Amino acid sequence: MVLGNYRKIVSARSTIPEVLKKSQDGGIVSTIFIYGLENRLLDGVIVSDNGGNFYTIPKVATTPEEVLEAAGTKYSISPNISVLKKAAREYGCEKIGVVGTPCQIRATRKLIKYPVGFRHIADKIALLIGIFCMENFPYEGLKIIVEELCGVKMDDVVKLDIGKGKFWVYTRWGETKAIKLKETHAFESSACHICTDYTAELADISTGSVGSPDGWSTVIIRTEKGEEIFNKMVEEGYFKIKPIEEVKPGLGLVEKLAKTKKDKNSKEIEHRKVLGII
Amino acid sequence: MKVVHLQLSSCCGCLISLTDTYEKLLEILNKIELVYCQTLIDVREIKECDVALVEGAVCLEDEHSIELLKEVREKAKLVVALGACASFGGITRFCKGNQPPKPVHTSFVPISKVIKVDLSIPGCPPSPEQIVNIIEAVIKGDTEYLEPFIRLSENTETCGCEIIKVVNTSRCMGCGTCSASCPTRAITMVDGKPVVNTSICIKCGVCSVQCPRIEFPKILEKLEG
Ligand SMILES: Cc1cc2nc3c(=O)[nH]c(=O)nc-3n(C[C@H](O)[C@H](O)[C@H](O)COP(=O)(O)OP(=O)(O)OC[C@H]3O[C@@H](n4cnc5c(N)ncnc54)[C@H](O)[C@@H]3O)c2cc1C
Ligand code: SF4
Ligand code: SF4
Ligand code: SF4
């Protein structure tokens, strides 16, 4: 199964205007975290803050305001799991939510099952939200893409996005620049090329833009825990949802991209085995 | 299941970690029979047992320790190196002698240098949950779960440099798990990659056992719940 195990898949969009103003896509991640914090299902969430110029800073957010500040995608590596212990020890959180790329969700599942260096942490991880991910960029790579290839100063960027085969840069002057995604490949983190997980197959809930119309997100609900919180939120009106079969471009595209990633990167893994660096 | 706990050159932190499992400890103690443990029970003689948990490095200048260790190997079906010192030497690797009361004791090595070890558990100390998981897996005979620890029993050397190798072979995707796991905070994430301050690394083996890019056991692919 190219999308991993799941219970159901829908297309969804937040109903919170403040979230939609800042979120990357349908605001799924921030809305779940805000709902979790407000209803005490979570008491701290690990997110990636924009430290200025889209430089990532992993952060423990304990209020809806802090969740909002960190909304939106930063296309560079954000070591979210590095602050996990801090969430429990320094912030005293006992019900921690984590958002992460598929690789970070895998790392978290490993430390839950094998908590060798994580005393009294595993039982405090309450929810794992995975975001779809084809590749990531080291910060200097991102900077070259934005500043040199797109000709925009990092200082002026308000949003970055990948979609429809292009890398998009939105400026604070209201301009939009886009280049073909192909041109950005040279700046991808090479550790991403041995990654075969596109949809965060081990998360409780996974989400990404692909498959759904602009402003909406594709949401893959994988575990009982994930289903419980998502259903409650739909009932209480936090999300509008549509059957995935009824939206365009639909699940087929997600499956296609997931398979492309698996095929391409499995080949790379074999290649690196020959080189002797795996 | 009869269990022996033997302490060699160590701080007792690993045993304390086991007792730090609160009510779980009682559950565990109900499932096992502790037949030898210098700290907790007054028994002088090492008995035949199913599992021996050995904590601490072995000092090669200390004949008595070596004898005890060999005796444990003979009497135990399964020998577990519990924690960094027993598994890799840990902080005892930095000993240079001249310490009271045994100033000549200098050479502290992992127990696998002296006897065959079946499982090695990294950590300074290993977390209570990890020790419990391992004891439960041993009781159930869940070798699949134990696989990473079986493999580690062949390692006698580890340190934060293992993490540098992950970066150096383009495998590190920057999750930050190694950094969070390090008990001495020797690993800082800089621009999405770990930087290891090897001068405060105590060779506990936690960062590398935690890294999903060094090993990602197959059992994790099965999503539970
Ligand atoms: C490197 C990268 C590549 C991606 N590639 C794809 C793709 O190929 N296809 C696709 O459909 N979606 C992809 N996404 C996901 C997409 O961009 C959105 O993040 C996702 O749809 C969630 O949007 P949202 O509106 O629900 O979340 P929001 O409410 O905007 O929240 C997003 C959350 O993600 C966190 N976050 C932001 N950047 C990072 C980061 N670098 N690392 C970890 N956490 C971060 C934020 O702190 C925030 O909490 C990618 C994301 C990243 C970070
Ligand atoms: S492509 Fe894989 S390794 Fe790279 S950031 Fe995305 S999930 Fe992580
Ligand atoms: S745990 Fe491994 S992959 Fe994650 S940051 Fe450390 S070295 Fe990199
Ligand atoms: S860097 Fe830290 S976690 Fe890794 S072996 Fe050294 S002390 Fe242990």
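The values are calculated or read from the model by the stated rules, or taken from the named source; none is laboratory data. None of these values were measured; they are calculated from a predicted model. So basically every Cβ, Gly included, is an ideal-geometry build from the backbone, and we count neighbours across all protein chains shown. Each accessible area value is taken on the protein alone, full model and side chains, heavy atoms only, with ligands, DNA and RNA left out. Shrake-Rupley method; radii C 1.70, N 1.55, O 1.52, S 1.80 Å.
Each residue of the range B:2-152 gets 103 Å³ once the volume of the Cα convex hull is shared out per residue. Close amide H partners of residue A:125, meaning residues 5 or more places away or on another chain with modelled amide H under 5 Å apart, are A:96. Where both residues lie in chain A, what percent of DSSP beta bridges are antiparallel, nearest 5? So the antiparallel bridges in chain A amount to around 75 percent.
Just need log10 I(q)/I(0) for the range A:229-278 at q = 0.27, 0.32 Å⁻¹, Debye formula, equal scatterers on the alpha-carbon atoms, no solvent, rounded to two decimals. Calculated log10 I(q)/I(0) at the listed q: -0.94, -1.02. One Cα centroid belongs to the range B:1-54, the other to the range A:31-64; the line between them spans 42 Å. Within the range B:160-210, all pairs of alpha-carbon atoms sorted by distance into 5 Å bins from zero give the percentages 5, 25, 38, 24, 8, 0.
Legend: residues A:120, A:271, sorted from most to least accessible area (1.4 Å probe; ligands, DNA and RNA excluded), read A:271, A:120.
Which value does Rg/Rh take for the range A:121-172 over its C-alpha atoms, Rh per Kirkwood? Mind showing how you got there, number by number?
Values: Rg = 15.3 Å, Rh = 13.3 Å.
The Rg/Rh ratio comes out at 1.16.
Computed over the Cα atoms, what is the radius of gyration of the protein assembly as shown divided by 2.2 N^0.38 Å, N being its residue count?
On the way: Rg = 24.8 Å, N = 503, 2.2 N^0.38 = 23.4 Å.
Computed over Cα atoms of the protein assembly as shown, the ratio equals 1.06.
Rolling a 1.4 Å probe over the heavy atoms of the protein chains gives the protein assembly as shown an accessible area of 44 Å² per residue.
Distances over 13 Å make up what percent of all Cα-Cα pairs in the range B:121-168? Please report the intermediate quantities before stating the final value.
Values: 738 of 1128 pairs.
Value for the range B:121-168: 65 percent of Cα pairs lie more than 13 Å apart.
In the complete set of protein chains, residue-level accessible area for residue A:224 is approximately 110 Å², probe 1.4 angstrom. Could you please state, rounded to a whole Å, how far the C-alpha centre of the range B:141-173 is from the C-alpha centre of the range A:200-278? Centre-to-centre (Cα) distance: 30 Å. Using the Karplus relation 6.51 cos²θ - 1.76 cosθ + 1.60 with θ = phi - 60°, the per-residue 3J(HN,Hα) values for the range A:41-58 come to 7, 10, 10, x, 10, 9, 10, 10, 7, 8, x, x, 6, 6, 7, 7, 9, x Hz, with x marking Gly and Pro. With 50 Å² as the minimum drop in accessible area between chain alone and full protein complex (1.4 Å probe), the qualifying residues in the range A:93-138 are A:103, A:106, A:110, A:113, A:114, A:115, A:116, A:118, A:119, A:120. When only alpha carbons are used to place a centre, the range A:92-116 and the range B:185-225 end up 12 Å from one another.
Across the range B:70-225, Cα-Cα pairs more than 22 Å apart make up 47 percent of the total.
If you count only protein heavy atoms and use a 1.4 Å probe, how large is the accessible surface of residue B:151, to the nearest 10 Å²? Roughly 110 Å² of residue B:151 is accessible to a 1.4 Å probe. Cross-link list B:2/B:203; A:8/A:248; A:273/B:165; B:165/B:193: which exceed 23 angstrom alpha carbon to alpha carbon? Result: B:2/B:203 exceed 23 Å. The mean count of C-beta atoms from other chains within 10 Å of the C-beta of residues in A:72-81, rounded to a whole number, is 5.
Computed with a 1.4 Å probe over protein heavy atoms only, the accessible area of residue A:193 comes to about 50 Å². Chain B contacts chain A over a buried accessible area of about 3600 Å², both sides summed; the probe is 1.4 Å and only protein chains count.
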